[in-house]
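Everything below concerns the one structure shown next.
The values are calculated or read from the model by the stated rules, or taken from the named source; none is laboratory data. Fair warning: this is a prediction, and the values are worked out from it, not measured in the lab. Counting neighbours? That spans all protein chains shown, and the Cβs are built from the backbone with ideal geometry, glycine included.
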Amino acid sequence: MRETKERLSVLWIFALLNYLYADVVALFAIAGSRNSFEPLSPWALMGSAVLMEIPIAMILACRLLPFRANRLANIIAGGVITLVNGFLTFVPPLAGWGRPPAFPEYLFFATIETVCTSVIIWQAWTWSGVEATVSSERMVRQPEAGIASS
């Protein structure tokens, strides 16, 4: 179980770093542009804060939650983030809604993020209780082995 917990936690860190750097690159593009941009509403900022808190919280949740809750949290959080990210990144440019097509570098990051959260969902979905039980038994036996060898 420890290996899967660590793998999921690392995948959330990877996704989070991609989200953050994509936003930094987008801010550089906006700041360097001569076009005027409307500021985001407080509700839009709150929505983005909530969306960013999900991967931040999942880094800890992957390490601390027991098997069933961990598996469910990763499937739900991964699904929500994948759907929201996929929708907000790919649908408006393709549908021509309200803003010009997204920056190519932003689409690059969004593709990596979507693949990463899809892998998180897959890892959690295929994570079995047998692996969790075997891993827990190994962790219990290791301290005993260390005491016997002393």
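Some points to look at:
- Hits in the stretch 23-52 (condition: assigned to a loop (DSSP other than H, G, I, E, B) and either under 25 Å from residue 77 (Cβ atoms) or of a type outside the set (D, E, K, R) (or both)): 33, 35, 36, 37, 39, 40, 41
- Qualifying residue in the stretch 27-44 (condition: modelled with pLDDT of 85 or more, more than 29 Å from residue 122 (Cα to Cα) and of a type in the set (A, V, I, L, M)): yes
- Entry remark, the stretch 65-114: residues being among the small types (Gly, Ala, Ser) and surrounded by 15 or more Cβ atoms within 10 Å (Cβ to Cβ) number 7 in total.
- Condition check for residue 20: assigned to a helix (DSSP H, G or I) and surrounded by 12 or more Cβ atoms within 10 Å (Cβ to Cβ): yes
- One residue from 56, 30 being closer than 20 Å to residue 109 by Cβ, of a type in the set (Val, Ile, Thr) and within 12 Å of the chain's Cα centre (by Cα): 56
- Residue list for the stretch 1-17, restricted to those being assigned to a helix (DSSP H, G or I) and either touching a residue at least 60 places away in the same chain (Cβ under 8 Å) or of a type in the set (D, E, K, R) (or both): 2, 3, 4, 5, 6, 7, 8, 11, 12, 14, 15
- Count of residues meeting criterion [in contact (Cβ under 8 Å) with a residue 12 or more places away in the chain and either within 12 Å of residue 117 (Cβ to Cβ) or not aliphatic (A, V, I, L, M) (or both)] in the stretch 31-67: 7
- Residue check for residue 8: surrounded by 16 or more Cβ atoms within 10 Å (Cβ to Cβ), among the aliphatic types (A, V, I, L, M) and either modelled with pLDDT under 95 or within 16 Å of residue 125 (Cβ to Cβ) (or both): yes
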